[in-house]
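S.K.: So that we are looking at the same thing, I have put the structure below in structure tokens.
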Amino acid sequence: MSDVLSLCRLLPELQVAAGHVLIEEGVPMGRVYVLKEGAFEVVRSGVRVVAVTQPGSFMGEISAVLGSAPMADVVAVRDSTVYIVDDAQEAARRDPALTYAIAQLLARRLQAVTSYLVDIKRQYAGTNTHLELMDQVLANLMAMQQGASGGSGSERTDVPDY
């Protein structure tokens with residue numbers, strides 16, 4: 001992550017007070033933030049997803065890459081400082097090092113989620129429950145053509161996007 005911090009050293013910084021919502025779910029922003037110091041929580045639909053505490057971590061990169069509104073709130077849990085990458089899509093297009101750093105982060109997350117899903121499948125094999133169907137869930141996720149239909153997940157309005 002020190003490489004990411006080196007990339008950002010000349011970018012503008014923002015001080016964020018504890019409790020402040022840095023990124024609001026559903027509100028387009030076009031920015032990516034990089035944690036310099038402090039801590040944040042990612043909260044989707046009122047559910048805490050993950051804590052962001054490692055300097056050099058990106059926040060808002062998924063919506064920037066997809067050109068969509070953020071899918072979660074990002075809330076400071078203590079006074080923090082972030083770097084601001086304005087017009088993140090354009091910045092990623094013109095800066096291969098930034099693009100590569102974001103790609104590495106997303107690949108690490110995908111690797112972790114895939115390992116988790118495989119563990120669930122192993123644990124629930126032969127139980128005749130919905131958790132036994134992880135291979136079908138993974139196959140469907142891999143086959144999704146995001147952006148082609150304009151959708152971002154579930155086709156049903158009463159079911160959350162996955």
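S.K.: Leaving out ligands and nucleic acids, and using a 1.4 Å probe, what accessible area per residue does the stretch 17-74 come to in Å²?
M.R.: 48 Å²
S.K.: Using θ = phi - 60° and the Karplus relation 6.51 cos²θ - 1.76 cosθ + 1.60, list the HN-Hα couplings for the stretch 39-51 in order, rounded to whole Hz, with x at every Gly or Pro.
M.R.: For the stretch 39-51, the Karplus-derived couplings read 7, 9, 10, 9, 10, 10, 6, x, 9, 5, 9, 6, 9 Hz, x marking Gly and Pro.
S.K.: Could you work out the percent of alpha carbon pairs in the stretch 27-131 separated by over 15 Å, rounded to a whole number?
M.R.: That tail contains 69 percent of the Cα-Cα pairs.
S.K.: Considering only the other residues whose Cβ falls under 15 Å of the Cβ of Arg108, what net charge follows from Lys and Arg at +1 and Asp and Glu at -1?
M.R.: Overall, the nearby charge balance is -1.
S.K.: Out of the total accessible area of the stretch 1-150 (probe 1.4 Å, heavy atoms of protein only), what percent is carbon and sulfur?
M.R.: 55 percent
The values are calculated or read from the model by the stated rules, or taken from the named source; none is laboratory data. Treat the numbers as computed from the prediction; the structure is a model and nothing was measured. A quick note on method: Cβ atoms are made from the backbone with ideal geometry, for glycine too, and the neighbour counts reach across all protein chains shown. All accessible areas refer to the heavy atoms of the entire protein, side chains included, with ligands and DNA or RNA removed. Shrake-Rupley method; radii C 1.70, N 1.55, O 1.52, S 1.80 Å.
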